[in-house]
Amino acid sequence: MKKILMFMVALLMGVAIHAQDFSYLRFNTGAGSEQCVSTDGLKITFSNGNLVATSNGGNATIALSAMNFMYFSNEGGSSQFLRGDVNRDGSVNVSDVTALINMILGVISIDQEVADVNNDGNVNVSDVTMLINIILGVV
Ligand SMILES: [Ca+2]
Ligand SMILES: [Ca+2]
């Protein structure tokens, strides 16, 4: 019994050390949509159905209902964006609705990665609805 316990402790410590070898924790919230935070000072809490990750290298708030999976990686950046931040200015607000509508109307070119807010593979009015719900805090 004692041996099994020691083995489990060793296994848990092994996992902890392994996770610290990676620089980023990435969150996949659907096709092509990922956010990442640094593992430096990483702290994960849960509130109101959201996973809230804070670190010395950025923060992320992800609705658990939208989360596919999360994983440790040394890859940061590239596909890092806020869901609903259609104009990629770092915040989600009414200007993103304007940008999204302009993309749908063909006024500006579609940025598929950020414009497909509900991750169904298409950019259409349902993404506008989803974006407004995000801004209103419904989802
Ligand atoms: Ca924005
Ligand atoms: Ca869509």
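Read-outs throughout are calculated quantities, based only on the coordinates presented, and are distinct from any laboratory measurement. Treat the numbers as computed from the prediction; the structure is a model and nothing was measured. Cβ coordinates were reconstructed from backbone atoms using ideal geometry, including for glycine residues, and neighbour counts include every protein chain displayed.
Some observations on this one:
- Share of alpha-carbon pairs per 5 Å distance bin for the stretch 35-84, given as whole %: 5, 19, 30, 31, 13, 2
- Rounded FRET efficiency, nearest 0.05, which uses the C-beta distance separating residue 120 from residue 72 and R0 of 22 Å: 0.20
- Positive-end residue of 73, 62, 84, charge dipole of the stretch 40-108 with Cβ unit charges: 62
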